[in-house]
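S.K.: Quick one: structure below, then a few questions.
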Amino acid sequence: MTTALSIPLEHVFFLAIILFLIGAFGVLIRRNIIFMLLSLEIMMNACGLAFVAAGARWAEPDGQIMFMFILALAAAEVAVALGLVVQFARRFETLDIDRAEELNG
Amino acid sequence: MNLSFFLFYISAAVAITTAIMAVTRKNASHALIYLVVTLLSIAVIFFLLGAPFAAALEIVIYAGAIVVLFLFVVMMLNLGRSSVARESQWLRPGMWVLPAILSGVLFIVFGYTVLQTENSAMIEGQVVPPKEVGTVLFHEYLLGVELAGVLLLAALVGAFHLGRRYLEERREN
Amino acid sequence: MHLLWAIPALPLAGFLILFLTEGRLPRAMVSNIGAGSVGLAALLTGYVAWQFISSDSTSFTSSSWTWMIVGEFNVSFRLWVDALSLVMVSVITGVGFLIHWYATGYMSEEEGYSRFFCYMNLFVFAMLILVMGDNLLLLFLGWEGVGLCSYLLIGFFHKVPEFGYAARKAFVVTRVGDTFLIIALFLLFREVGSLEIQEGLVYARENMSDASTINTIICLLLLGGAVGKSAQVPLQTWLPDAMAGPTPVSALIHAATMVTAGVYLIARMQDFFMLSQTAMLCVAAVGLITLLIASFTALVQSDIKRVLAFSTMSQIGYMFFALGVGAWSAGLFHLMTHAFFKALLFLASGSVILAMHHEQNMFKMGGLWKKLPIPFIAMLVGSAALVALPLTSGFFSKDAILLKAWKSDSDFATLFWTVAVIAAFLTSLYTVRMMVLTFFGKPRSEMHELKKESLWHPSRIRTVVPFGLLAVLSIAGGWMGFEFTSDLFGDKGVHAEFHFDPIALLTLGVPFAGVVVGYFLFASDLIDRRRLIKNKMGELLSKFWGSGWGFDWVYDTLIVKPFRFIAQTRLNRNDVVDLFFNLIKFLANLFHHILSMFQTGHVRWYAFTMVGGLLLVFLAVVWI
Amino acid sequence: MSVMLLILLLLGAGVVAWVSERVNTTLPNWIALITFIAATLWVLVIWFNGPDTSGLYADLNREWIPRFGIYLHLRVDALSLMLIGLTTFLGIVAVVSSWTETKTRHGFFQFNILWVMAGVVGVFSAFDLFLFFFFWEVMLIPMYFLIAIWGHEDKEYASMKFFLFTQISGLLMLVAIVALVWINYDISGVLTFDYDVLKKANLDIATARLLMLGFFIAFMTKLPSVPVHTWLPDAHTQAPTAGSVILAGILLKTGAYGIIRFVVPMFNEASREFWIWGMSLGVVSILYGGYLAYSQTDFKRLVAYSSIAHMGFILVGVYSFSKLGTQGAIITMIAHGFSTAALFMMAGALQERLHTREMSKMGGLWVRAPRMGAVTMFFVVASVGMPGLGNFIGEFLVLIGAFQKSVVLTVFAAIGIVVAAVYGLSLMQRSFQGVPNPDVPKVHDFAFREMSVMVLLMIALIWVGIYPQSLLQMTAPLLSGLIELPS
């Protein structure tokens, strides 16, 4: 059973690249941790998309399995990240990432 | 050029625009909502690529659990109206230029590498049923699954500890 | 002939005893040991001399042990005494003993009595080794030992920093001379193959051609060494300052023995010098120039000891001149007689200085001839010999030199002779001035009564006997010594027979003229001395002459000041080369700071560098 | 066999001395003293019953690491025996001179002294390049501790500088050794570190020149010659008395010994080409060291610079490639060992009494301490090069040897003698003569302890000065092996 979609693989990859760069762009310019994490999520999804696209190209389940691992990773990462964000907010009263700069010199 | 062809490009466009919106919003909750829409559009693309199980997971776990978790934290830290003013102050135009250049160049390099591949092939949209995914998952990738389980456990314990100290201090003062 | 070793061994034993007991011996014991050791050495020398004259052998030698053998370089401790060194040994021990005896009185009130005699004995030992050593290395050992002792003795009153500086100056200046000597030694070793003096002389006679440049260079270097030690023209600035030492020291070292070491060296290396005319000319020229400069400077000195110092310098100039002109035995004869009367003059001036409570300025003395009769007579006899009045020893030796100069075949003969005569005239001038200023005229400062029982009182035996003996030697030395030294160098010596041709008469008359002019100039107030000095020219001249013709000033500005200035700059004190290594340390720190600037602590900066790094990697991958 | 015993004795005594500190604080001193006296007697005994047929006093060759051809090859010939004798003798001087100086950790202090000495004895007798480098490092570490722990005001800087200089140069040597062994293995197929075999390895001139430079720079830093000498003044001024006595008396000699034993014989043609550099470095050291000695105001620093000047003579002597020059270098090593050790003891004694090394604060000490004055005068005169004392013999032989090779350089070296006179007497003048300045505290003169050691050193110097033939005939047969091309 097919979904009657036939597009070149490169297009999906281009989409993944664009999403990935938007995420990276977001991480670089935002100073609020929440927005950085959010753009991080976008980057993760972009990778997932690329994997699933590759799996789809060979019609193999491996792509999807990799996607599932990425999911697990994203879930773990968000859990810890948000715990950190809560601590960060409590200690620095603001969510500006640049406030935490003791580790320098 | 059948329906799924157009569907793919529409959802791709939606994904890109909402991603940009999510990244550039000043209000945290608006950004999260845009993120949800991006995720949904990616789910549609998964479905079109013949990975219905992945699409379902995407919606359930990603859009459902992770973004909701974000929303909890945003609500808890009440990043409402007051933070919007501060946010705009942080997004001074000067900040945009360098990252923009960098990502542009990166885009060119990635694009160039993708176009270089000789055996560019078409995606036929062959559906891979969840049953097949499940069998492969628990045969070749059994180890991967166990490791993912351990990873999640570790994240659980980490998140628990990070949260706990916060509670004690609140109890003291 | 093991007796030879006893001569230097006695003063050495004296030195060791005094050195090890570190001044714990009572003064009487110290003076016995000090003076006694040199006295015994003198007796021994007399005995050896008597044996030498009676036996017809030309030289005695006594060797003891090998010093160094490296390949064909073979040096051993061996003493060699022939007529020349016998004269020197007898002068050193004889005059030395009299000076030691006098010093037991003179130094009785100074502290560091045993230290004084300890150094004096070491000096006599070193001088004996210098004179009796048979190879040049032994001579060099004596040479440096003598330099060391003159440093120790000039700086004897070590509390006064100026004396310390004078001692250091003496040592360094003579050390410059020694460097010339040691280079001469190297050249000689390379040329002759061994440092034995006799072997060298034989080598020089046989296979050294007349005008060989090597020989001239060696002679000039030897002259350089001699000039350093005998305080001749280029390196003479240390002698006037050396008067800082106690007077017996000046008498022994800076009149009788050490300063004549240079003369001995040239006389010893006679065959080398005979070969090269230029070297002989240089020796004569150096002698003459020093003669003139010293005589003029002595004319304007105010300190009695500095007058005598400059007079010594000029008399040694005479000796150098004699050697330069070829009057070898006359030069040696003058050396001997000069030792007698100059020692007498120094000791007598020592008594005068002590009587005036360490006042050395002649302008503060005057009219002392009644109060200090014995020193007066001694000074009179000494001056007579110095001026070379007839029948005094000075007359015989100085005129022998003048006659030989007149007859020498070199083309500058007449010029040399005239300059020497002028110097003789000047000598009598400043001698008369000295006598007049110290003994005649009105006493310019009161001289309170001398305590009879003080050991150094002129009437004590330990002053009278040395004065007497030296006076006799100064007078009789001429006749007695004449036969002995005339055949010192075999046929080479000149026989000054006294026929009355015009030259002999002239040399006879000059001293009298000097005395008469000196009397008019200084004693009677016929010519108003003040007017002579007051005018511009006189003042300039006296200042210029006073400072030893400005040599001191020249050396100071040319060498001492720059050397010291560069040394004292801060940069130099802690070693320029260190800057290089500190630079390395500085660079290490610099890099540290630069790198640490990258660690800003901002997460976004790290994200940025990561993406940048990613980009670079991809570019590299794509590119290559 | 006996050399190994000597080294083990020294090492063992070190440990015993360290442990014995708990019993009472001066016991380590006695243990060290007795060990050194025993060692000196041992050397004397060996010296008296003379070398065996092939001119060796002791030879031990036992396998250590056969895999790489490394042997425990300890051989004592005339040159080594003389230097080992000097080492043990100066050991006595070092221990006695710092009897009351160390306030803390006496045991560890003696331990370090004994281990440095063991390392040095090893260096002088090692005939296996690996073993030589091993002992080279063994003698470095305790020396670092001596300076770093018991040093004076900025001891950290000085000890670190000393350590770095020697370590880096040692590294160069290690590279040269390994390269040499490897090339030799390449050519002859025999993997060995043995001195005699490597001496015969015929290398082409380019590599020989490089390897020689590797060795030469290491020994040049140890024997401080001018460009790399700056560690010596700092290390000396900050080191405790025993430390500077050992450092000046012996460690400088290891550099000189290295050049005589390793650089010249093993790379003979390369060294012969290198002679103009070696000799001019020596002359520059003489003049620069002497000149800087004059400009110092610190007593110990002046003596340190003077020893740089004396070491310059050794370089000149060795690179004159003449029997006279090499003998002169050996005699200078011995005589300099005695005279500088005494001067450093004097500096230490002055520092103990006046708590300062600045000569401006001294002046006029002769009045209160005539015996110290006389002793210092003797040793200053010796180090200035007075004939009749050891240093003069060395310097004279070096100069007369170097004269055959190059006249100009020898004349400049001879000027060094005048400069020596200048700084020697200025040392005497500024510290002992002149007006005694009032604020100098009551100085008690030398006690029996110090005086006895000083007399010992005086006798040694006079013996080398008056009768050097005893030393010269010992090393005479060795010379042909050291200078000429290996037969």
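Quick note: the coordinates plus some simple rules give every number you see, no bench work behind them. Please read all numbers here as calculations on a predicted model, not as lab measurements. Virtual Cβ from ideal backbone geometry, glycine too; neighbours counted across all protein chains shown.
S.K.: Under a Cβ-Cβ cut-off of 14 Å, what is the net charge of the residues other than C:Phe467 that fall near it, where Lys and Arg count +1 and Asp and Glu count -1?
M.R.: Working: positive: C:Lys342, C:Arg460, C:Arg462; negative: none.
Its environment carries a net charge of +3.
S.K.: Another question, if that's okay. Excluding residues on the same chain fewer than 8 positions from D:Lys199, give the lysines whose Cα lies under 28 Å from its Cα.
M.R.: D:Lys222, D:Lys253, D:Lys323, D:Lys405
S.K.: How many angstrom lie between the C-alpha centres of segment C:339-390 and segment C:148-204?
M.R.: About 32 Å separates the Cα centre of segment C:339-390 from the one of segment C:148-204.
S.K.: Here's something else I'd like to know. Assuming R0 = 30 Å, what is the FRET efficiency of C:Val621 and C:Asn589, from their Cβ-Cβ distance, to the nearest 0.05? Spell out each step's value before the answer.
M.R.: Details: r = 37 Å, r/R0 = 1.23.
Between C:Val621 and C:Asn589 the formula returns 0.20.
S.K.: A follow-up question, please. At 222 nm, what helix-only mean residue ellipticity would chain A give, in deg cm²/dmol to the nearest 500, using -39500 (n - 2.57) for each DSSP H run of four or more? Before the final figure, lay out the partial values.
M.R.: Numbers: 3 runs with 78 residues, N = 105.
Theoretical 222 nm ellipticity from helices: -26500 deg cm²/dmol.
S.K.: While we're here: So if R0 is 35 Å, what FRET efficiency would D:Leu44 and D:Arg368 give, r being the distance between their Cβ atoms, rounded to the nearest 0.05?
M.R.: Values: r = 38 Å, r/R0 = 1.08.
Here the calculated transfer efficiency is 0.40.
S.K.: Among C:Cys219, C:Ser311, C:Gly262, pick out the residue whose Cα is farthest towards the positive end of the charge dipole of segment C:169-328, where Lys and Arg carry +1 and Asp and Glu carry -1 on C-beta, about the Cα centre.
M.R.: Of C:Cys219, C:Ser311, C:Gly262, it is C:Ser311.
S.K.: With +1 on each Lys and Arg Cβ and -1 on each Asp and Glu Cβ, how big is the dipole of chain C about its Cα centre, in debye rounded to the nearest 20? Display every interim value, and only then the final one.
M.R.: On the way: 41 positive and 38 negative charges, 487 e Å.
Dipole size: approximately 2340 debye.
S.K.: Can you find, among D:Ser225, D:Ile147, C:Ala204, the residue sitting farthest towards the positive end of the charge dipole of the protein assembly as shown, where Lys and Arg contribute +1 and Asp and Glu -1 at Cβ?
M.R.: The Cα lying farthest towards the positive end belongs to D:Ile147.
S.K.: Can you run phi through the Karplus equation (6.51, -1.76, 1.60; θ = phi - 60°) for segment D:359-369 and list ³J(HN,Hα) in whole Hz, with x for Gly and Pro?
M.R.: For segment D:359-369, the Karplus curve yields 5, 4, 8, 8, x, x, 7, 4, 4, 8, 10 Hz.
S.K.: For a 21 Å ceiling on Cα separation, which of these pairs sit above it: C:Lys169/C:Lys229; C:Lys585/D:Lys361; D:Lys155/D:Lys300?
M.R.: On the way: C:Lys169/C:Lys229 13 Å; C:Lys585/D:Lys361 33 Å; D:Lys155/D:Lys300 14 Å.
Too far apart for the 21 Å limit: C:Lys585/D:Lys361.
S.K.: Of B:Glu132, B:Glu58, B:Glu146, which is the most mobile in a GNM of chain B whose springs link Cα atoms less than 10 angstrom apart?
M.R.: B:Glu146
S.K.: Fewest to most neighbouring Cβ within 10 Å: what's the order for D:Val43, C:Val160?
M.R.: Working: D:Val43 22, C:Val160 15.
Taking fewest neighbouring Cβ atoms as first place, the list is C:Val160, D:Val43.
S.K.: While we're here: Which parts of segment B:35-68 would a label at B:Ser29 reach, counting a residue when its backbone N lies under 19 Å from a point 7 Å out along Cα-to-Cβ?
M.R.: Of the residues in segment B:35-68, B:35-38, B:64-68 have backbone N under 19 Å from the label point off B:Ser29.
S.K.: If we count every other residue with Cβ under 14 angstrom of C:Ile33's Cβ, Lys/Arg +1 and Asp/Glu -1, where does the sum land? Present the calculation step by step, with values, prior to reporting the outcome.
M.R.: Values: positive: C:Arg24, C:Arg27, C:Arg115; negative: C:Glu22.
Result for the neighbourhood of C:Ile33: +2.
S.K.: Give, as a single signed number, the net charge of other residues whose beta carbon lies under 10 Å from the beta carbon of D:Ala58, with Lys and Arg counted +1 and Asp and Glu -1. Provide the component values of the computation, followed by the final result.
M.R.: Details: positive: D:Arg75; negative: D:Asp52, D:Asp59, D:Asp77.
Once positives and negatives cancel, what remains is -2.
S.K.: Taking beta carbons within 10 Å but only from partner chains, what does the mean come to for residues B:70-78? All intermediate terms of the calculation are to be shown ahead of the outcome.
M.R.: On the way: counts 8, 0, 1, 10, 4, 0, 4, 9, 0.
Counting other chains' Cβ atoms within 10 Å and averaging over B:70-78 gives 4.
S.K.: May I pose another question? Provide the per-residue ³J(HN,Hα) series for segment A:42-50, in order, calculated from phi with Karplus coefficients 6.51, -1.76, 1.60 and θ = phi - 60°, each as a whole number of Hz, with x at glycine and proline positions.
M.R.: 4, 4, 4, 5, 4, 4, x, 4, 4
S.K.: Oh, and also: Could you put C:Cys118, C:Cys282 in order, starting from the residue whose Cβ has the fewest other Cβ atoms within 10 Å?
M.R.: Numbers: C:Cys118 27, C:Cys282 20.
So the residues, fewest neighbours to most, are C:Cys282, C:Cys118.
S.K.: Whole-Hz ³J(HN,Hα) for each residue in segment C:295-304, computed from phi via Karplus 6.51 cos²θ - 1.76 cosθ + 1.60 with θ = phi - 60°, x for glycine and proline: what do you get?
M.R.: 4, 4, 5, 4, 4, 10, 7, 9, 8, 4
S.K.: Based on the Cβ-Cβ distance of D:Thr25 and B:Val150, what FRET efficiency does E = 1/(1 + (r/R0)^6) give at R0 = 45 Å, to the nearest 0.05?
M.R.: In this case the efficiency is close to 0.15.
S.K.: Using a 7 Å offset from the Cα along the Cα-to-Cβ direction at both D:Val197 and B:Val157, what is the distance between the two label points in nm, to one decimal?
M.R.: About 5.9 nm, to one decimal.
S.K.: Dipole of the protein assembly as shown (Lys/Arg Cβ +1, Asp/Glu Cβ -1, origin at the Cα centre): which of C:Leu590, C:Tyr519, D:Leu203 lies farthest to the positive side?
M.R.: C:Tyr519
S.K.: What residues qualify as long-range amide H neighbours of A:Ile7, i.e. H under 5 Å apart, gap of 5 or more or another chain, H built at 1.01 Å from N?
M.R.: Here B:Ile123 satisfy the definition.
S.K.: May I ask you to list the GluC sites (Glu not before Pro) in segment C:31-121 that are in a DSSP loop and have at most 15 other Cβ atoms within 10 Å of their Cβ? Show your work: numbers first, answer last.
M.R.: Values: sites: C:Glu72, C:Glu109, C:Glu110, C:Glu111; in loops: C:Glu72, C:Glu110, C:Glu111.
Sites meeting the loop and neighbour criteria: C:Glu72, C:Glu110, C:Glu111.
S.K.: Here's something else I'd like to know. Suppose every Lys and Arg Cβ carries +1 and every Asp and Glu Cβ carries -1, with no other charges. What dipole size does segment D:1-145 come out with about its Cα centre, to the nearest 20 debye? The partial results should precede the final answer.
M.R.: On the way: 6 positive and 8 negative charges, 72 e Å.
About 340 debye.
S.K.: On to the next question. Between segment C:597-624 and segment D:23-82, what's the alpha-carbon centroid distance in Å?
M.R.: Cα centres, segment C:597-624 to segment D:23-82: 62 Å.
S.K.: Which value in nm describes the separation of the simple spin-label points at D:Tyr467 and C:Phe544, placed 7 Å from the Cα toward the beta carbon?
M.R.: That separation, rounded to one decimal, is 6.0 nm.
S.K.: Charges only on Cβ, +1 for Lys and Arg, -1 for Asp and Glu: so what's the dipole of the protein assembly as shown about the Cα centre, in debye to the nearest 20?
M.R.: Details: 84 positive and 84 negative charges, 835 e Å.
My answer is approximately 4000 debye.
S.K.: Follow-up. Could you work out the pair-distance distribution P(r) of chain C from its alpha-carbon pairs, with 10 angstrom bin width and percents rounded to whole numbers?
M.R.: Binned Cα distances yield the sequence 3, 15, 25, 24, 14, 6, 3, 2, 3, 3, 2, 0.
S.K.: How do C:235-244, C:607-616, C:370-379 rank on mean C-beta neighbours within 10 Å, highest first?
M.R.: Working: C:235-244: 24.2, C:607-616: 13.9, C:370-379: 19.4.
Per-residue Cβ counts within 10 Å, averaged per peptide and sorted highest first, yield C:235-244, C:370-379, C:607-616.
S.K.: Averaged across D:56-69, how many Cβ atoms of other chains sit within 10 Å of each residue's Cβ atom? Don't jump to the answer; show the numbers that get you there.
M.R.: Numbers: counts 0, 0, 0, 0, 0, 0, 0, 0, 0, 0, 0, 0, 0, 0.
Per residue, the average neighbour count from other chains is 0.
S.K.: Debye sum, Cα scatterers, the protein assembly as shown, no solvent: what log₁₀ I/I(0) at q = 0.08 1/Å?
M.R.: Summing over Cα pairs of the protein assembly as shown leads to -0.97.
S.K.: Amide H of C:Phe440: which non-local residues (sequence gap of 5 or more, or other chain) have their own amide H closer than 5 Å, using H built in the peptide plane?
M.R.: Correct list: C:Gly367, C:Leu368.
S.K.: Within a 10 angstrom radius of the beta carbon, how do C:Trp479, C:Trp101, C:Trp623 rank from fewest other beta carbons to most? Walk me through the numbers on the way to the answer.
M.R.: Values: C:Trp479 11, C:Trp101 24, C:Trp623 7.
Result, fewest neighbours first: C:Trp623, C:Trp479, C:Trp101.
S.K.: Other chains near C:558-568: what is the mean number of their Cβ atoms within 10 Å of each residue's Cβ? Before the final figure, lay out the partial values.
M.R.: On the way: counts 0, 0, 0, 0, 0, 5, 3, 0, 3, 9, 3.
Average neighbour count from other chains, rounded to a whole number: 2.
S.K.: Taking a virtual spin label 7 Å from the Cα of C:Thr600 along the C-beta vector, which residues in segment B:93-135 bring their backbone nitrogen under 18 Å of it?
M.R.: B:93-103
S.K.: Still on this structure: At 7 Å along Cα-to-Cβ for each site, give me the label-to-label distance between B:Ile16 and C:Gln277 in nm.
M.R.: 11.2
S.K.: Rounded to the nearest Å, what's the spacing between the alpha carbon centres of segment D:109-180 and segment D:238-306? Just the number, please.
M.R.: Here the answer is 16 Å between Cα centres.
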